[in-house]
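So the structure is just underneath, and the comments pick up after that.
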Amino acid sequence: MTVRAYIGIGSNLNDPAARVQAACGALQRLPDTRLAARSSLYRSKPMGPANQPDYVNAVAALDTRMPAAELLQALARIEDREGRERGGVHWGPRILDLDLLLYGSQCIATPTLTVPHPGMHERDFVLVPLAEIAGDLDIPGHGPLSTLTSCCGQHDLVRLVAAS
């Protein structure tokens, strides 16, 4: 069975826009998966320590037959191939960050995976690109995406590159 999954993509090191673009290419090459859509690229202020570069963020929609846990492992492998170092500063700088935001309409709570992604409903850098590609979504436990985006500030979010 094919499931629509949404992936949050972010980077703020070593040419972040190119890193996000490369991540979209890697997502497209995952087995049993099709890249259905991707948002524009957005620049945002870091959520964590302020003494780091701005982030470049996007959201990708995947149609996949991979189970959620397997998809999460595949995302971690892509991060690792790009040079992601784990165990650094919480919300610190990252070469690449791939988050499984939504997996169909499922709510998942395991020791290694929580879907919907915790906090996604409060983060402009997730909500705005997600609304660009899937504005009619309902976020399990949080309601319509259109309601969530109408409440977000969007003050520090700048569209860099339109989706292709």
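The values are calculated or read from the model by the stated rules, or taken from the named source; none is laboratory data. Note that the structure is a prediction, hence the values are computed from the model and not measured. Glycine gets a Cβ as well: all are built from the backbone with ideal geometry, and neighbour counts include every protein chain shown. Heavy atoms of the whole protein, side chains included, go into the accessibility calculation; ligands, DNA and RNA do not. Shrake-Rupley method; radii C 1.70, N 1.55, O 1.52, S 1.80 Å.
Tell me, yes or no, whether the range 43-58 has at least one residue that is in contact with an Asp or Glu (Cβ under 8 Å, 6 or more places away or on another chain) and within 21 Å of Pro140 (Cβ to Cβ).
No - not one qualifying residue is present in the range 43-58.
Tell me, yes or no, whether the range 77-91 has at least one residue that is closer than 25 Å to Pro140 by Cα and open to solvent by less than 20 Å² (accessible area, probe 1.4 Å).
No, because not a single residue in the range 77-91 is closer than 25 Å to Pro140 by Cα and open to solvent by less than 20 Å² (accessible area, probe 1.4 Å).
Could you look through the range 100-156, keep only residues that are touching a helix residue (DSSP H, G or I) at 6+ places or on another chain (Cβ under 8 Å) and among the acidic types (Asp, Glu), and pick out the one that is surrounded by the fewest Cβ atoms within 10 Å (Cβ to Cβ)?
Here the residue is Asp136.
Any idea which of (1) open to solvent by 30 Å² or more (accessible area, probe 1.4 Å); (2) at pLDDT 95 or above is the one Ala74 doesn't satisfy?
(1)
Restricting the first residue to the range 109-132 and requiring it to be under 17 Å from Asn57 (Cβ atoms), which pairs with a second residue that is of a type in the set (Phe, Trp, Tyr) and open to solvent by less than 50 Å² (accessible area, probe 1.4 Å) meet a Cβ separation below 7 Å and a spacing of at least six or different chains?
Phe125/Tyr42; Phe125/Tyr55; Val128/Tyr42; Pro129/Tyr42; Leu130/Tyr6
Would you mind stating whether Gly10 is outside any loop (DSSP other than H, G, I, E, B), open to solvent by less than 70 Å² (accessible area, probe 1.4 Å), without any contact (Cβ under 8 Å) to a residue 60 or more places away in the chain and under 20 Å from Pro129 (Cα atoms)?
no
Sort out for me the strands (runs of 3 or more DSSP E) sitting completely within the range 28-70 that have 3 or more residues that are surrounded by 14 or more Cβ atoms within 10 Å (Cβ to Cβ) and touching a residue at least 60 places away in the same chain (Cβ under 8 Å). Let's see the steps before the verdict.
Values: elements: 33-38, 41-44, 55-64.
Once the strands (runs of 3 or more DSSP E) in the range 28-70 are filtered for at least 3 residues that are surrounded by 14 or more Cβ atoms within 10 Å (Cβ to Cβ) and touching a residue at least 60 places away in the same chain (Cβ under 8 Å), what remains is 41-44, 55-64.
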